[in-house]
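Enquirer: The structure is given below, and queries will be raised subsequently.
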Number of protein chains: 2
Amino acid sequence: MRCVLGLFEGVVTGAADGYARMMEKPACTLLHLGPGFANGLANLHNASRAHVPMVNLIGQHPNYHLRHNTPLTSDIEAIARPYSKWLRTASSAQQVGRDSIEAIVASRNASGQIATLIVPADVAWSEGGVVAEWSSSPKSALPSTSVIERSADMLRSGLRTAILLSGRALYGQGLAAAGRIAASTGAKLFAPYPLVRLERGAGSVPVERMQYVLEQAIEQLKEFRQLILVAAESPVAYFAYPGKDSVMTSPECEIHALATSEEDSVGALDAIEAALSIRRARPTGERRNRPSLPNGQITLPGLAATVGALLPENAIVVDESMTSGRGMMAATKGSPPHDWLGNTGGSIGIALPLAVGAAVACPERSVLCLTADGSAMYTLQALWTMAREGLKVTTVVFANRDYAVLKREFSYLGVGDAGRRALDMFEIGRPDLDWVNLSKGMGVPGTRVTTLEGFAKALQEGFESGGPSLIEVLL
Amino acid sequence: MRCVLGLFEGVVTGAADGYARMMEKPACTLLHLGPGFANGLANLHNASRAHVPMVNLIGQHPNYHLRHNTPLTSDIEAIARPYSKWLRTASSAQQVGRDSIEAIVASRNASGQIATLIVPADVAWSEGGVVAEWSSSPKSALPSTSVIERSADMLRSGLRTAILLSGRALYGQGLAAAGRIAASTGAKLFAPYPLVRLERGAGSVPVERMQYVLEQAIEQLKEFRQLILVAAESPVAYFAYPGKDSVMTSPECEIHALATSEEDSVGALDAIEAALSIRRARPTGERRNRPSLPNGQITLPGLAATVGALLPENAIVVDESMTSGRGMMAATKGSPPHDWLGNTGGSIGIALPLAVGAAVACPERSVLCLTADGSAMYTLQALWTMAREGLKVTTVVFANRDYAVLKREFSYLGVGDAGRRALDMFEIGRPDLDWVNLSKGMGVPGTRVTTLEGFAKALQEGFESGGPSLIEVLL
């Protein structure tokens, strides 16, 4: 077993998520009592929305100690329940082997879910442990024939149809099938804004990501009269706004779920292909087309073009760049093939941990971690793990010194201008964070760039270094 | 209202705890949805054990948005329940003023507790808010006469008696009364290892803190045949050990609770004094006696003596120095009067946030924050808040580059030596954290010291600077 230390539990749960997204199998977190587990909850929220397999192992006091109500006593089951689809407290050394297998099996149920096993100290230190027999997870079920038929009918109807893919339908065999279906029927493929993992780049099946901003997403979907969901939720806005509906589809759009996130979405897509019984068209892959390297003053389009120009083949991009990175996907769609991982649950502070997990899972691939400064501050301890493990992660911090998304969200509420005190809660300068020092403090070489040439140079060096590095981009 | 921004919610809840410990009234945290609240849980665990008043205000989606199960949807009540003694979701703009008053009142019940008010966005943005009338919190009740009489009888019995004080019995009027009782009856005063707030230093009532290590604590208590608890729990070990009892008192010791943490402990002590109807003796305060300034190589006793020699009058010491700081209290007991705040719940990562809250509460006092490196990494974002608010906090990081307490706890289990993989989970060097860079990165000037003279100079400069500073002590 490879043990990877994080200096804060949010790093650990986020890294387990990143590992699972790339490996389709669970990592195990080892957390300490109720508060230690609580520190990992925010990224468990994100992981639960990513439908990844994960096993949490939580140490607990023995029962005979718990009754004294010592300082670290807490009701761990109560803390764990909201995000654990499977939850158990081990009762004996004899049983804990069996419990562990069941936790792993449970975590691999459906597309994946969070399983939490609480292990009292006396269960851990007692003799009599038994290595349990492995049992395999039940394969997730196909949707019913009528659901598949209905989807096929919709695709044959001639009405403008969108297919919103998530989970395993966004890479590998699943995306390939979806690509052929789209090419054969004229349907358009979308990915949700909260992106688990998308295979993209030159030659890949074209998939359009939903926009974050409600009005822009409504615009994306307005031409469609039918929407088929594949392991995806119906598209809605992150937040509610006074007097606005949260739904992104037009009222005339019929929404049909081909497969839930718990069903076999890849098998469902194969079944549709068979049901359509049309000649399989090969999709036209994205055209290889890198932007040329820009130079001069830092601009968001310039940064995106630089990434598009330099992204290495087979890279993994972890994206929590928030308001600063909204042009990144457009600029990289013709770059060499790569995977794109996003924030699935909206709880910020996932990028650095997710990059740790992806890099542990895929040591031969370059990981590019795009993060906003406000988000990165949540779990900056992840940099230390990158340094200790020598992970190939190039982290780019977009330092706009704002919770810019909060300012935007505030403006959407239509309650007027924020006063000075409210703005002070949105602005994270005064003092400015110095990411080069923060990074060095954790053992990761860092550099600050103030021009696009500087950014390109630092990015290239980061990719070539074979280890972790950090680039602070002053915006 | 003064708004203080933290860049991670654990900073915010820990700061609210520190504020409440010094002010005896609640600070209000403003947290964002379920995951934002979850990030604050570990320090809420500590706060719940400190019995401080605190109000959490948590933003939630409107109900009509929640039903879409958007990415940030979670069951906030389920996440909040384990640590909220009062919990409500506001239902309308008309009622939310009333809800807020009730939350504040509830938080001030008894000695103090955590009250959580969840406010859906539409409640916040709707018209019709009503400023509710203030209502005062019910005063916490005195223990029954028979309980007070029994305590008085015990104190009159001539048996060796210890009094374990916590909460408001450890400072001000409560400690003064306890001091007179002890001086009159020969009882000895103790404070628990998990220390909320202790008034101490030259002239103060002598109180001995319970030791962390089980055997040492048993030794402290073994002579006592009676133990009276005042707002304190019966003393037990943090952790359980194979074949050992967790209890620190001897089997012959009678334990009697004069007042629970929910009762009026100060009033109870006054009542005992009256019941004893003996001539009030004035306690002999701790003798003014500073250690002389040591020099040369860094040693733990040398560091403690330096703190003892230089601690300013009326300082607030926040102590999460773990294994490195166990000599600190002995070395400072004759220093000028000061308050000592500890970690009450055993969830590490409270020191820096607690120091923020104490400094906001008492801007005229010097705050000395003693922290281990492993602990400080949990919530290092607090340094930024110290810089932004210009708080008078001198932070000392004891960099032993180990979770030393875990190594010790592991050795107590008697399961043999830890293997290399286990040790890798206990040792936080490779790479070494550079606290000077981390501190600078957050806008707090930092320095590294390698001699006792250097430590003394940096400490003196920190106290005199009138703002935040950080000293990394290489151990």
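Read-outs throughout are calculated quantities, based only on the coordinates presented, and are distinct from any laboratory measurement. Bear in mind that the values here come from a model prediction, so they are computed numbers and not experimental data. Positions of Cβ are backbone-derived with ideal geometry, glycine not excepted, and every protein chain shown enters the neighbour counts.
Enquirer: Between rounded, prolate and oblate, where does segment A:78-123 land on the alpha carbon gyration tensor, with a ≥ b ≥ c its root eigenvalues, rounded for a/c under 1.5, else prolate if a/b exceeds b/c?
Expert: Here segment A:78-123 falls in the oblate category.
Enquirer: Nothing charged except the Cβ atoms of Lys and Arg (+1) and of Asp and Glu (-1): what's the magnitude of the dipole of segment B:215-297 about its Cα centre? Round to the nearest 20 debye.
Expert: 640 debye
Enquirer: Please compute the average number of Cβ atoms from other chains found within 10 Å of each residue's Cβ in peptide B:226-234.
Expert: So the per-residue partner count for this stretch is 1.
Enquirer: Moving to a separate point now. Which residue, A:L44, B:G285, A:V393, has the largest displacement toward the positive end of the dipole of the protein assembly as shown when charges sit on each Cβ (Lys, Arg +1; Asp, Glu -1)?
Expert: A:V393
Enquirer: Could you sort B:66-75, A:265-274 so that the peptide with the highest average Cβ count within 10 Å comes first and the rest follow in order?
Expert: Descending packing order for the listed peptides: A:265-274, B:66-75.
Enquirer: At a 10 angstrom cut-off on C-beta neighbours, averaged per residue, how do the peptides B:169-179, A:5-15 rank from highest to lowest?
Expert: A:5-15, B:169-179
Enquirer: Pairs of Cα atoms under 8 Å, at least six residues apart: use those to get the relative contact order of segment B:212-259, whole percent.
Expert: Relative contact order of segment B:212-259: 51 percent.
Enquirer: Right, next: Tell me which GluC sites (Glu not before Pro) from segment B:358-415 have a DSSP coil assignment and no more than 16 other beta carbons within 10 Å of their own.
Expert: B:E364
Enquirer: Sticking with this one: If I take every Cα pair under 8 Å that is 6 or more residues apart in chain B, average their sequence separation and divide by the length, what percent do I get for the relative contact order?
Expert: 15 percent
Enquirer: Would you work out which of B:A176, A:H65, A:G128 lies farthest towards the positive end of the dipole of the protein assembly as shown, given +1 charges on the beta-carbon of Lys and Arg and -1 on that of Asp and Glu, about the Cα centre?
Expert: B:A176
Enquirer: Efficiency by 1/(1 + (r/R0)^6): what FRET value for A:Q94 and B:L474, r their Cβ-Cβ distance, R0 = 51 Å, to the nearest 0.05?
Expert: The formula returns an efficiency of 0.60 here.
Enquirer: Turning to a different aspect of this structure: Would you work out the charge dipole size for chain A about its Cα centre, treating the Cβ of every Lys and Arg as +1 and the Cβ of every Asp and Glu as -1, and quote it to the nearest 20 debye?
Expert: 760 debye
Enquirer: Here is a further query. How would you rank B:M22, A:M425, A:M54, going from fewest to most other Cβ atoms within 10 Å of each one's own Cβ?
Expert: A:M425, B:M22, A:M54
Enquirer: Using the count of nearby Cβ atoms within 10 Å as a rough guide to exposure, how do B:W86, A:W340 rank from fewest to most?
Expert: Listed from fewest to most nearby Cβ atoms, that is B:W86, A:W340.
Enquirer: Expressed as cubic angstrom per residue, what is the convex hull volume of the alpha carbon set of segment A:252-317?
Expert: In segment A:252-317, the Cα hull volume divided by residue count equals 212 Å³.
Enquirer: For chain A, take every pair of Cα atoms, bin their distances at 10 Å starting from 0, and report each bin as a whole percent.
Expert: 4, 19, 28, 26, 17, 6, 1, 0
Enquirer: If the label for B:N314 sits 7 angstrom from Cα along the Cα-to-Cβ line, what are its distances to the same label in every other copy, in nm to one decimal, shortest first?
Expert: 6.7
Enquirer: Report the one residue of A:V436, A:L452, A:A418 whose Cα lies farthest in the direction of the positive end of the charge dipole of segment A:418-462 (charges on C-beta: Lys and Arg +1, Asp and Glu -1; origin at the Cα centre).
Expert: A:A418
Enquirer: Now, a different point. Please go through segment B:54-162 and write out the GluC sites (Glu not before Pro) that DSSP classes as loop and that have at most 13 other C-beta atoms within 10 Å.
Expert: Of the GluC sites (Glu not before Pro), the ones in loops of segment B:54-162 whose Cβ has at most 13 other Cβ atoms within 10 Å are B:E127, B:E133.
Enquirer: Same structure again: Once you average over the residues of A:385-398, how many Cβ atoms of partner chains fall within 10 Å of each Cβ?
Expert: Mean number of neighbouring Cβ atoms from other chains: 1.
Enquirer: Note down the relative contact order for segment B:9-125 as a percent, whole number, built from C-alpha pairs under 8 angstrom at least six residues apart.
Expert: 31 percent
Enquirer: Per-residue Cβ counts within 10 Å, from other chains only, averaged over B:82-89: what number is that?
Expert: The mean count of partner-chain Cβ atoms within 10 Å per residue comes to 2.
Enquirer: While we're on this one: In chain B, what is the count of Lys pairs whose alpha carbons are under 25 Å apart, counting only pairs at least 8 residues apart or on separate chains?
Expert: Here the count comes out as 14.
Enquirer: Tell me, how many Å apart are the Cα centres for segment A:293-367 and for segment B:99-120?
Expert: 43 Å
Enquirer: Return the whole-Å distance between the Cα centroid of segment B:145-171 and the Cα centroid of segment A:246-288.
Expert: The two parts, judged by their Cα centres, are 74 Å apart.
Enquirer: Still on this structure, I have one more. Assuming a ≥ b ≥ c are the square roots of the Cα gyration tensor eigenvalues, decide whether the protein assembly as shown counts as rounded (a/c under 1.5), prolate (otherwise, with a/b larger than b/c) or oblate.
Expert: It is prolate, given that a/c is not under 1.5 and a/b is the larger ratio.
Enquirer: Separate question: Shortest first and in nm to one decimal, what separations exist between B:D153 and its copies in the other chains, measuring from label points 7 Å along the Cα-to-beta-carbon line?
Expert: Nearest first, the other copies' label points are 8.4 nm away.
Enquirer: Please order B:L165, B:L475 by the number of other Cβ within 10 Å, starting at the fewest.
Expert: Arranged by neighbour count, lowest to highest, B:L165, B:L475 become B:L475, B:L165.
Enquirer: Pairwise over distinct Cα atoms, reciprocal of the mean inverse distance: report the Kirkwood radius of segment B:9-125 in Å, one decimal place.
Expert: About 14.0 Å, per the Kirkwood formula over Cα pairs.
Enquirer: Compute the distance from the alpha-carbon center of segment A:72-92 to that of segment A:370-408, in whole Å.
Expert: So the separation of the two Cα centres works out to 30 Å.
Enquirer: About its Cα centre, what dipole magnitude does segment B:9-125 give when the only charges are +1 on Lys and Arg Cβ and -1 on Asp and Glu Cβ, stated in debye to the nearest 20?
Expert: Charge dipole of segment B:9-125: 220 debye, to the nearest 20.
Enquirer: I would also like to ask the following. Is segment B:145-276 best put as rounded, prolate or oblate by its Cα gyration tensor, with a ≥ b ≥ c the root eigenvalues, rounded for a/c under 1.5, and otherwise prolate when a/b is larger than b/c, oblate when not?
Expert: prolate
Enquirer: Please report the residue of chain B with the smallest beta-carbon distance to the B-to-A rotation axis, and give that distance in Å, no decimals.
Expert: B:N437, 2
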